[in-house]
Each structure stands twice: as C-alpha cells, then as structure tokens.
Number of protein chains: 2
Amino acid sequence: MSDTVVLDVDSARQLVVSTLERHDTSPANAASVADALVAAERDGQKGHGLSRVPSYAAQAASGKVDGRAIPVLVDEKPAAARIDACRGFAFPAADLAVDWLAARATDSGIASAAIFRSHHFGQAGYHVERLAARGLVALAFANSPKAIAPWGGRSGVFGTNPVAFAAPRASADPLVVDLSLSKVARGKILVAAEAGEPIPGDWALDADGHPTTDAPTALGGTMVPMGDAKGAALVLMVEVLAAALTGANLGFEASSFFDADGDSPGVGQLLIAFDPATFSGGAFPERLETLVGAMLSQDGVRLPGSRRLESRARVAAEGLAVPKSLLDRIIGL
Amino acid sequence: MSDTVVLDVDSARQLVVSTLERHDTSPANAASVADALVAAERDGQKGHGLSRVPSYAAQAASGKVDGRAIPVLVDEKPAAARIDACRGFAFPAADLAVDWLAARATDSGIASAAIFRSHHFGQAGYHVERLAARGLVALAFANSPKAIAPWGGRSGVFGTNPVAFAAPRASADPLVVDLSLSKVARGKILVAAEAGEPIPGDWALDADGHPTTDAPTALGGTMVPMGDAKGAALVLMVEVLAAALTGANLGFEASSFFDADGDSPGVGQLLIAFDPATFSGGAFPERLETLVGAMLSQDGVRLPGSRRLESRARVAAEGLAVPKSLLDRIIGL
C-alpha cells in the first residue's frame with residue numbers, strides 16, 4: 001500500500017503517549033491507553049487501534065473524559081472488587097482490575113471485578129488475554145452506547161456489547177474468543193454508506209424496526225444482533241452483567257465513544273477470573289489440549305483469534321503499517 | 001386436545017418419584033429429579049420435562065446413570081466448589097451447588113461451582129432461577145453430547161451447550177435467559193424427518209459439512225450454531241467453561257443422554273452466582289428496572305422467558321396437560 005507508513009511498535013506507542021499528554025492526560029494514563037491501542041493495532045483490530053487517537057485526544061481536551069482520573073477501588077470482598085473509573089479512560093481501570101484479579105483468583109478460586117463510570121473498553125480480548133497470561137481462565141463483558149433494539153422493538157437500547165474469553169495453554173498462546181454481539185460491525189455499514197453501496201438485508205433495521213438494505217437508513221436505525229432472537233437475549237444478558245450489575249450507565253443512557261460532546265459515556269465492564277487448577281482438580285491443561293486437538297484434526301478448522309496472532313507475528317517482523325492520512329492527523333493534533 | 005390427560009403438579013411429581021424409585025434410584029435423588037422435570041413440564045419446556053422419564057428410568061436401571069449416587073463436594077476454596085456428580089443424575093449435584101453458592105456468594109461477592117461426571121442438565125434456567133430467587137445474579141454453562149462441528153469443519157465436537165442467566169427483580173419474577181447455542185433444537189429436525197418434510201437450509205450440515213434441507217441427512221450430520229461463526233466461537237467458549245474447566249468429558253467424548261447403553265455421559269456444568277449489592281454498590285434493582293422499562297416501553301417487545309411464565313400460570317390454574325401416550329408409557333414402566 002503506497003499510502004501507509006511503517007512504524008515500529010515503540011515509536012507508535014510513544015506517539016500515542018505524547019499526543020495524549022498534550023491533551024490533558026496524565027503520563028500514567030497515556031501509557032495505559034497507548035499500550036492498549038497499539039496492541040489492538042498490532043493485532044489487526046484497527047477499529048480499536050490508532051484510529052481512536054484523534055477522538056480520545058479530543059475527549060480528554062474537552063473534559064468528556066478525565067485524562068487525569070485515577071481509578072479507585074471503592075469496595076471489595078474477598079472475591080469481588082468494585083472499581084470506579086472516575087470518568088476516565090477504561091484502560092487504567094482495567095489495568096487495576098487485572099492486577100486485583102490476578103492477586104485474588106487463585107486464593108479464592110474465582111474473582112470478579114466490576115468497573116463503572118467507564119469509557120470504551122477497546123479490544124475486549126486484550127484484557128482477558130492478560131489474565132490468561134497469568135494462568136487464569138477469564139471472561140469479560142462490556143456495554144456500549146445504544147445500537148441494538150430489544151427483539152421485536154424499534155429503538156436502540158443495548159450496545160453491541162462485546163464478550164471476551166481467554167484460556168491459558170501449556171505450550172501455545174492463550175485461546176482467545178472476542179466478539180461483539182451485533183451481526184456485523186457498524187463500521188461495515190459506514191463503509192457501505194460512504195461508497196454508496198447497498199448492504200445485505202440481514203445486517204440492520206430501519207427506524208421502524210424493518211430490515212433495510214440502504215446503508216444511510218441503517219445508520220439511522222439499529223443493528224441486528226448475531227443469532228437474531230437468541231442473540232438479542234444474549235445482548236440483554238451482557239447489558240445486565242456489564243451495566244446493571246456494575247451500577248453503570250445503560251447503553252441507551254451512554255454518550256458516544258467518538259465525539260467530544262457531553263458527559264462521559266459512563267458505561268460498565270465486568271471481568272471474571274477462574275483458577276483452572278481449583279475448578280478442574282488439575283485436569284484443565286489436558287482437557288483443553290484434547291479439545292483443541294479434536295478441533296484442529298479437521299480440515300478447514302482454525303482456532304478463534306488465529307488471524308489476530310498472525311497479524312501480531314507480521315507486525316513483529318515488519319512493523320506497523322499505518323495509513324499516512326491517520327498518522328498525519330495524529331501528528332497534527 | 002383429546003389425547004391429553006390433565007394431572008395436578010403434585011400427582012405428576014409423585015408419578016416421577018415412584019417410577020424412578022422402582023428403577024434403582026434413591027428417594028432423595030428421585031425427588032430432586034422429579035422437581036426439575038415437573039418444573040420444566042410446567043414451564044412448557046417439554047423436551048426437558050416428563051418426556052425424559054422413560055429414558056431416565058432405563059438409564060438408572062441399566063447402571064448408565066447411578067440413581068443412588070450421592071454428589072460429593074471434593075474440593076473447595078472460599079469462592080469455588082468442585083462437585084463430583086459421581087455418575088448420577090445432574091439435579092442432585094446442581095441442588096448441592098445451588099445451596100453452596102447461596103451460602104457463599106454474599107460473603108465472597110461472587111462464588112462458582114463446577115460439576116463433573118454429570119448427566120443431562122435439563123432446563124438450564126431452572127438452576128439459575130433458583131439462585132435469583134435467593135437474591136443472586138446467576139450464570140450457568142453446560143456441555144452436552146456432540147452435535148455441532150467447529151466452524152469450517154465437518155464432524156461434531158461440541159454439544160448444543162446451553163447458557164442460562166437469571167437476575168432477581170424487586171417486584172416481579174426473576175429475569176431468565178435460557179438458550180442452547182444451536183440455531184434450532186435438534187428435536188425440530190426429528191419432527192421434520194418423521195413427517196418426511198424438508199428443513200430450512202440454514203439449520204444443519206450434512207456429514208461433509210455442507211448445508212442440507214434433507215432432515216434424515218441432517219440427523220447424520222451436525223447442527224448449525226446460532227450466529228454462525230460468532231456462535232461457533234461461543235459454543236467453544238461454553239465447552240471450555242463447562243467441560244475443560246470442570247475436568248469433565250468433552251461433548252465428543254460423552255455418551256448419549258437418551259439411550260441406556262455404555263458409561264455415564266460424564267459431562268460438566270459450571271454455575272456462577274454474583275451478589276448484586278456488592279458489585280453495584282446497591283444500584284442494581286434500580287438499574288435493572290430502568291433497563292426493563294426501556295425495553296417494555298416499545299411495542300412488540302417481551303422479556304425473555306415470558307412464554308415460560310405464561311405456561312407456569314396456566315398450569316397453576318388448569319393443571320398439567322400430558323399426552324396420554326406418554327403417561328401410559330410412564331405408568332407401564
């Protein structure tokens with residue numbers, strides 16, 4: 001691609017840190033955000049990567065996000081933590097949650113952390129993968145601004161609400177599942193709208209709750225959940241776990257993750273970490289490898305997250321290819 | 001319907017208890033199984049209700065299921081329990097798990113119980129609803145005999161793997177989500193095969209991994225997961241949580257839940273209970289009612305589980321309508 005610039009990971013990270021520091025963000029928070037965004041960019045999850053820097057910087061500058069917030073552990077029980085992100089970025093609060101969970105899960109068997117007054121969770125797999133790297137099986141649920149209507153309804157109530165899961169493997173990278181519960185990413189509809197092209201009829205609903213193939217109409221309506229009615233029930237489940245259980249803003253109450261207007265989105269996240277030795281009596285590594293072996297013995301089967309690991313390996317060898325237009329925009333901030 | 005007999009719930013329960021007791025099942029286990037099967041029948045979940053009695057009795061008689069097994073808490077940490085169902089029915093082990101979780105979740109904030117060497121979990125919502133009735137938010141994951149292929153593959157590895165979720169409400173029945181991760185129930189394909197009718201092309205794959213509309217061919221192949229590739233990733237996640245994490249048999253290792261041949265299916269289940277006051281700082285009841293209110297303010301929207309509650313109310317007023325052929329079969333055992 002002629003319009004990309006190749007950066008090494010450290011330079012990209014330093015660029016994000018310095019940009020955020022110039023936009024009312026503390027050095028510690030800038031470092032946490034930069035780690036997460038660069039990890040997403042490296043994994044090929046560009047929607048959660050460097051493309052977020054301009055809007056993150058604008059939100060910190062406007063005060064929609066408090067770039068200097070220090071997340072607070074406001075309450076804890078032996079296996080549960082309640083973390084106030086204090087209207088800051090999600091990543092510093094998630095870092096606190098990951099450390100707390102890693103310290104507690106083995107002694108308790110399981111531990112869970114709720115995060116509220118939070119912001120965009122980024123690549124949800126990033127958080128659970130860090131717990132798997134510490135030997136824990138992990139789940140994460142997050143809510144996001146309204147995009148999906150309740151089944152049978154017309155107006156957005158729930159976010160696209162990611163679910164992420166990771167499990168440590170003895171001699172391989174952790175197994176990671178990371179998906180949002182809309183049938184397709186909203187970004188795909190934006191691309192079709194910009195190109196003036198129609199979309200498949202099962203991606204989105206218009207403002208009256210009817211299927212539409214017109215991308216601009218779809219952007220004014222709602223996203224279809226993956227798995228239709230069953231998926232809509234899962235979206236509700238994640239909204240309850242990530243927002244109602246954490247005491248956070250619900251999807252339909254949350255402001256945008258993109259613009260710099262208004263108050264913090266104030267969404268929530270829930271992380272859970274399991275000590276596999278406790279639950280399995282020591283059988284977990286063998287059980288997981290037996291399962292993975294049965295999957296991979298079939299032609300055409302790949303593990304979830306394979307593409308992400310390939311992107312990671314490619315970046316390690318070749319560096320990050322970043323669109324020049326995005327890089328110019330970030331440097332110009 | 002002319003071929004149904006109306007029973008009151010107590011009589012149906014007593015019929016199940018006495019049938020199982022005549023088939024090598026202890027009185028305590030027969031009572032636990034009867035409670036669960038009658039609850040499913042009452043809720044209109046007939047596939048998990050009285051229709052199971054003949055095959056349960058045959059499995060207890062053949063020794064495939066140990067009807068006299070006493071589930072054992074083999075290991076525990078402050079927030080985690082490991083329960084051996086000892087090749088018995090799942091329900092006595094689930095009863096032990098529910099009691100253990102209800103005793104621990106409030107003190108720890110969260111608690112989780114793994115069950116292994118287990119059997120058919122029945123209506124998964126039954127277990128989490130009982131936790132919600134004790135004021136806890138609950139999740140359950142179970143695996144089941146192979147029915148779904150890994151995405152891109154041809155052979156069944158995973159079960160249809162139910163996910164269930166329940167949340168207590170201040171002035172209403174608990175919110176319950178209960179779904180299996182296949183696009184449709186395998187029973188629908190059985191019905192089409194018996195009727196000699198084709199099935200929609202997106203329900204099942206043949207033994208070569210290709211979509212089929214021929215019901216008998218589908219029965220020799222695999223079920224399509226809800227949500228296609230994303231759903232297949234969720235099926236894997238549930239298989240890891242319910243079977244690998246619990247040290248249980250994987251779906252492709254498990255014997256049938258229906259016939260009386262061979263060893264116990266030996267599948268696994270994972271239950272998780274959250275104390276909502278701990279996680280939400282007390283905000284949970286208001287947050288959940290605000291969410292439910294936003295959903296129900298839209299025409300055409302119903303909560304998941306509404307049909308189940310309607311069936312329950314109808315049975316309370318009118319009794320259980322049981323097919324006479326099934327009743328004759330049970331009485332004749």
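Odds and ends about this structure:
- Across the accessible surface of the range A:228-298, with the other protein chains kept in place and a 1.4 Å probe, carbon and sulfur atoms take up 58 percent.
- Computed in the context of the full set of protein chains, the accessible area of the range A:77-142 at 1.4 Å probe radius has 52% of its extent on carbon or sulfur.
- Among A:Thr246, A:Thr222, A:Thr212: highest mean-square fluctuation, GNM of chain A, C-alpha pairs under 10 Å: A:Thr212
- Gyration tensor (alpha-carbon) shape descriptor, chain A, a/c threshold 1.5: rounded
- Cα gyration tensor shape for the protein assembly as shown, rounded if a/c is under 1.5, else prolate or oblate: prolate
- Take B:Gln14, push a point 7 Å out from Cα through the beta-carbon direction, and compare it with the same point in every other copy: 8.3 nm, smallest first.
- Nm distances between copies for A:Ala133, ranked from closest, using label points 7 Å along Cα→Cβ: 4.5
- DSSP beta bridges fully contained in the protein assembly as shown are about 90 percent antiparallel.
- The charge dipole of the protein assembly as shown, taken about its Cα centre with unit charges on the Cβ of Lys, Arg, Asp and Glu (plus for the first two, minus for the last two), comes to roughly 300 debye.
- Among A:Ala103, A:Ala149, A:Ala195: highest mean-square fluctuation, GNM of chain A, C-alpha pairs under 10 Å: A:Ala195
- Remark: the range B:28-172 carries 28 Å² of accessible area per residue (probe radius 1.4 Å; ligands, DNA and RNA excluded).
- The magnitude of the dipole of the range A:144-194, with charges of +1 and -1 set on the Cβ of Lys/Arg and Asp/Glu and taken from the Cα centre, is near 220 debye.
- Across the identical copies, the 7 Å label point of B:Glu286, projected outward along Cα→Cβ, sits 5.2 nm from its counterparts, in ascending order.
- A cut-off under 15 angstrom between Cβ atoms defines the neighbours of B:Arg134, and their net charge, with Lys, Arg +1 and Asp, Glu -1, is -3.
- For peptides A:126-136, A:298-308, sequence by mean Cβ density within 10 Å, most packed first: A:126-136, A:298-308
- Between A and B, roughly 5800 Å² of accessible area is buried in total, ligands, DNA and RNA not counted and the probe set to 1.4 Å.
- Working from label points 7 Å from Cα in the Cα-to-Cβ sense, the A:Glu289 to B:Asp228 distance is 3.5 nm.
- Unsatisfied cross-links (Cα-Cα over 30 Å) in the set B:Lys64/B:Lys230; A:Lys146/B:Lys46; A:Lys183/B:Lys188: B:Lys64/B:Lys230; A:Lys146/B:Lys46
- Summed over qualifying helices (DSSP H, 4 residues or more, each -39500 (n - 2.57)) and divided by its residue number, chain B shows a 222 nm mean residue ellipticity of -12000 deg cm²/dmol.
- Neighbouring Cβ atoms from other chains, within 10 Å of the Cβ of residues in A:299-307, number 4 on average.
- Model label points for A:Ala195 and A:Val74, set 7 angstrom from Cα along the Cα-to-Cβ axis, are 4.5 nm apart.
- Put a plus charge on the Cβ of each Lys and Arg, a minus charge on the Cβ of each Asp and Glu, and nothing anywhere else: the dipole of the range B:41-93 about its Cα centre is then about 140 debye.
- Spin-label model distance (nm) - B:Ser62 vs B:Asp208, 7 Å beyond Cα toward Cβ: 3.3
- Within 10 Å of each Cβ in B:79-90, the average number of Cβ atoms from other chains: 3
The values are calculated or read from the model by the stated rules, or taken from the named source; none is laboratory data. Since this is a predicted model, take the numbers as computed values, not measurements. Glycine gets a Cβ as well: all are built from the backbone with ideal geometry, and neighbour counts include every protein chain shown. Ligands, DNA and RNA are stripped out before the accessible areas are found, and what is left, the full protein with its side chains, is counted by its heavy atoms. Shrake-Rupley method; radii C 1.70, N 1.55, O 1.52, S 1.80 Å.
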